1. Label residue 82 and residue 31 with points 7 Å out from Cα along Cα→Cβ: what is the distance between them in nm?
2. How would you rank 306-312, 257-263, highest first, on the average number of other Cβ atoms within 10 Å across their residues?
3. Mind giving me the FRET efficiency for residue 331 and residue 222? R0 is 35 Å, r the Cβ-Cβ distance, nearest 0.05 is fine.
4. Regarding the range 6-354, what whole-number volume in Å³ per residue does the convex hull of its Cα atoms give?
5. Once you wrap a convex hull around the alpha carbon atoms of the range 11-138, what is its projected area averaged over all directions, in nm²?
6. Taking only the alpha-carbon positions of the range 141-187 and ignoring solvent, what does the Debye formula give for the base-10 log of I(q)/I(0) at q = 0.33 Å⁻¹?
7. Go through 296-303, 169-176 and give me the packing order, highest mean Cβ count within 10 Å leading.
């Protein structure tokens with residue numbers, strides 16, 4: 001059995017150490033410029049003191065600085081990822097970071113907030129980074145792959161990017177939740193990117209950089225958090241997962257299974273707001289599953305670890321399964337989510353009525 005190339009460990013180590021070094025710096029910068037999450041600003045807050053909001057920049061830099069170095073010195077095979085690809089994703093990610101930071105500082109209106117993800121997703125798709133095919137889980141060897149027209153592939157890619165971006169944005173309610181889920185998804189994407197003949201996949205390198213950056217940041221973001229991702233970081237995490245998953249169709253299914261429970265929760269909350277004729281993006285509340293877990297009696301860390309566990313289980317299902325297995329996993333995920341909603345929402349509602 002072949003040994004994993006040590007370059008992979010180098011990528012993980014560099015991004016991890018960079019993130020560990022940059023997070024404390026971002027805390028100081030956040031307090032200097034007063035870009036802080038203040039608990040008095042909303043009843044959704046669960047922390048007691050002002051917390052720095054520029055954590056996303058530590059992740060952003062810890063992903064792209066090593067990536068550029070690896071590309072410059074050709075430390076991995078970039079034959080399938082061009083310099084234009086990297087430049088476009090960097091620029092799109094930078095747009096998200098700038099927009100998110102402006103929101104953290106000046107509290108942008110909802111229509112002003114969504115401009116930045118729209119621009120980033122649109123730029124990415126227009127540059128040619130799109131889904132080119134999907135796998136038919138029920139197909140035979142002759143029709144297992146369904147190739148998509150560029151317009152359809154572009155439209156699906158745009159929808160996917162926006163969906164995953166807003167999943168991580170709305171999921172960012174508990175300390176360590178988004179960073180941990182992103183790290184788990186990155187591990188699964190890396191596992192699927194491995195080729196046991198020592199082929200150095202740039203996709204695998206990129207996934208490990210995201211894993212290292214997320215894990216290093218998690219050290220400071222674990223409850224009680226010293227720094228938050230902020231809007232910029234929570235949006236950027238989703239964007240990176242979306243882009244990495246587009247590189248291979250199988251990774252889209254994997255990413256969807258890892259973030260499936262949170263994604264379904266986000267859809268349900270947004271649907272409930274629309275039914276009530278409220279904007280699905282306009283306000284934060286405690287209707288999300290992670291808050292319901294707290295109201296149902298989970299401690300902060302227990303709720304986060306529970307959601308980690310679900311992500312790991314479904315991620316492993318995706319890694320070891322073929323297309324049909326992923327479809328079955330998705331059906332099981334929806335069924336499990338339904339059970340969790342019934343149990344947790346009933347329990348949390350009972351606890352609220354008693355208070």
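Coordinate-derived values only; no laboratory data. Predicted, not measured: the structure shown is a model, and the values here were computed from it. So basically every Cβ, Gly included, is an ideal-geometry build from the backbone, and we count neighbours across all protein chains shown.
1. With each label placed 7 Å out from Cα toward Cβ, I get 4.7 nm.
2. Ranked from most to least packed, the peptides come out as 257-263, 306-312.
3. After rounding to 0.05, the efficiency reads 0.60.
4. Expressed per residue, the convex hull around the Cα atoms of the range 6-354 is 137 Å³.
5. For the Cα atoms of the range 11-138, the hull's average projected area reads 11.6 nm².
6. Here the Debye-derived log intensity ratios amount to -1.10.
7. 169-176, 296-303
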